[in-house]
Amino acid sequence: MRYPDRVQVSQLGEAGDRGFLRKLIVNLAALALLALGLAVCVGWIIGDATLIQLRPGWVPMKFNAALGLAVFGVGAALLVHGARRAARACALFVFAIGGATAAQYLLQINLHIDQLFVRAFMVEPGSTPGRMSPVTASLLAACAAGLFIVSFRESRARSTLVGIVASIVSGVSVTALIGYATQTPVAYLWGALAGVAIHAAGSFVIAAAALGALATRPEEKLLPHWAPWAALIWGLACTGSLGGALIQQFAATPESMTPEVTIIIGSVLSVLMAWALHSRRELAGALAASARSEEMVRGILEAAPDAMLIVDAKGCIVLANDMTEKQFGYTRAELLGETVDLLTPIEVRHTHAMLREKFAAAPSSRFMGDGRELMAQRRDGTKVPVEIALSPVKLRGNSFTVAAVRDITLRRETEQRLRESLQEKEILLKEIHHRVKNNLQVVASMLALQADKAVAEAQSPLEDCRQRVMSMALVHEKLYGAKDLQRIDLGDLTREIATMLISECVGPAIRTQFTVEPIAIDIERAVPASLIINELMTNSLKHAFKGRAAGLLSVSVRRCEDDHVWIEVADDGVGGVQADSIRTGRTLGMTIVRNLVKQLDARLSIGSGPGTAISITFPIGRGQDQ
């Protein structure tokens, strides 16, 4: 067994074989009943006594009994071929014949059905012409009831009931047959009433076999669940027949206990036989369940995409799947019985053996060598990287370990290619930032040269533009030297912009005070934020300290509780900046600030106190610090 779907195919094949055998038994029984019943009916019609009474002195088979058994055979054949309604109609007809006859005995009435079809020309002393015995009528009605019940949808309760009915019918019939074989009339004659004909008894045995086959469910592989009851009834029937014969034989010696002892022993043996069959069926069911479980486990192991090994407490391989053979190059016969160390590199086998013994002392489900690179060795000596998952199990009191070994060669190669590709992209991105920074510095230098040659009125605007360009260049310079090319530390960027602007400031001595936190933002927010900081600081350095020898510039950067960043540029200068001047100011600097505030979805506010304090608050966004 290599694949799990074969388990299902095998089970379907077994079910098909049992279904064929069931149909065969029912069809043969139906054919025998039809032939025997029709032969007896023909005998009554043409007046041939040899077909009705096989031997002088034996009980003749009545026309109604023969007809009922023939119709029963037809109904059984129809049922096994799927014609359930027609089978029920046959069962009802047979039940009507048997039930009406039994009712005549019980109610002491005459329904005039005994010679309904033919006139009886052979009559037993003390019996009604054409009327079958009450036992025959009861057996016929029982067979019809069993056929009617089994014609409905299969269930355990219905099959059990029909199986018991078949057992009773067969037991009583076998009793009559034993009576004929042992020349014990008491086994087939009941007082002055008509007895059971020998061919009727044989027909009921065949009918019971058909009922038993119909009552056997397809999933019952060996014995039907009602088999112990059948054995008990059969045993008791045989015991009763033998006991009756012995009682007649020892009638002249009443002191003999042989009949009673025989009956007691036969009854005990019947019970023991039923118990043995019950135990046999339970054992067969347990073995079948165990075999199915084993097949399922093997199917799961064979279908696994990884090499699967089951190792005992000593480290010896007791089971390996197909993928193990393909992955390591060993045959299954070569692996079984060897220690799992065979699959490890030679240089680490001693260490692996010690680790294996340590795991066996305290087993637990886990990944082997978690965090370490594990290597396995194929039969040809090549080494492969692997992942190993270990799961300890207990089977019949013995400790085993299920190991799933996955070859991760392709994954390692893919990871290596991704790392190399990522490294190349990082180098390329750094080079881009470096070139952008250099180009911006070239632009700043050109603006500085232009400012030196420009008229006095144009020098200040050109210098402002140069500082803006240098602020953007600082962003790319920080990214070029950073490990993370997607985010930049806003606190460091703010400090460097302030240092650059103050170093180029000519005038009063400006003292700076920084209160900054490390906050990482993405480049999409870093560039507009750096330009806003540049404009606010430039505005303070130009206008706040006029007429003074010194001044204080305070810069704060901190994170707010709602994942926003707060930046404030404050000075102790002359003050006088109003909110309207920022909202309506037409200078290039104020226009840049307004546009960038909208771009960042920021809020701008002006604080109170000595000097001027302008702050902005904007969301950190996807570049937020981790």
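Brief remarks on what is shown
- For the chain, adding -39500 (n - 2.57) for each run of n ≥ 4 DSSP H residues and dividing by the number of residues yields -20000 deg cm²/dmol at 222 nm.
- Hits among aspartates and glutamates - C-alpha to C-alpha of residue 62 under 14 Å, sequence gap 8 or more where chains match: 48, 114, 124
- Alpha-carbon centroid distance for the pair segment 21-60 / segment 379-400, whole angstrom: 69 Å
- Computed E for residue 395/residue 326 - FRET, C-beta separation, R0 30 angstrom, nearest 0.05: 0.70
- Label point at residue 367 placed 7 Å out along Cα→Cβ; residues across segment 385-422 whose backbone nitrogen lies under 12 Å: 386-390, 406
- Heavy-atom accessible surface of segment 69-114: percent carbon and sulfur, 1.4 Å: 68 percent
- Rounded to the nearest 20 debye, dipole of the chain from Cβ charges on Lys, Arg, Asp, Glu: 1340 debye
- Difference of contour (0.36 nm per residue) and Cα-Cα distance, residue 415 to residue 160: 85.4 nm
- Sequence of 390, 161, 335 when ordered by accessible area, the most exposed leading, probe 1.4 angstrom: 161, 390, 335
- Separation in nanometres of the label points that stand 7 Å from Cα toward Cβ, at residue 346 and residue 253: 9.0 nm
- From phi via Karplus (6.51, -1.76, 1.60), per-residue ³J(HN,Hα) for segment 170-183 in Hz, x at Gly/Pro: 5, x, 5, 5, 4, 4, 5, 5, 5, x, 5, 5, 9, 6
- An oblate overall shape is assigned to segment 15-125, the ratio a/c of its alpha-carbon gyration tensor axes (a ≥ b ≥ c) being 1.5 or greater and a/b not exceeding b/c.
- Residue 357 contributes an accessible area of around 120 Å² to the protein surface, as traced by a 1.4 Å probe with all chains present.
- Answer label for mean projected area of the Cα convex hull in nm² (calculated), chosen among (1) 28.1; (2) 56.8; (3) 36.1: (2)
- Inter-probe distance in nm under a simple model that places probes 7 Å from Cα toward Cβ, at residue 105 and residue 512: 12.1 nm
- One chain, two ends: residue 289 and residue 598. Fully extended at 0.36 nm per residue, the span grows by 103.8 nm beyond their Cα-Cα distance.
- The H on the amide N of residue 552, modeled in the peptide plane, is under 5 Å from the matching H of 511, 572, each at least 5 residues off or on a different chain.
- Summarising the amide proton neighbourhood of residue 131: residues at separation of 5 or more, or on other chains, whose placed amide H is nearer than 5 Å comprise an empty set.
- The relative contact order of the chain comes to 8 percent, based on Cα pairs under 8 Å that sit 6 or more residues apart.
- FRET efficiency, 1/(1 + (r/R0)^6) with R0 22 Å, evaluated for residue 81 and residue 152 via beta carbons: 0.85
The values are calculated or read from the model by the stated rules, or taken from the named source; none is laboratory data. As the structure is a prediction and not an experimental result, all values here were calculated from the model. Don't worry about glycine lacking a Cβ; one is built from the backbone with ideal geometry, like all the others, and counts go over all protein chains shown. Protein only, heavy atoms only, side chains kept; ligands, DNA and RNA dropped before computing areas. Shrake-Rupley method; radii C 1.70, N 1.55, O 1.52, S 1.80 Å.
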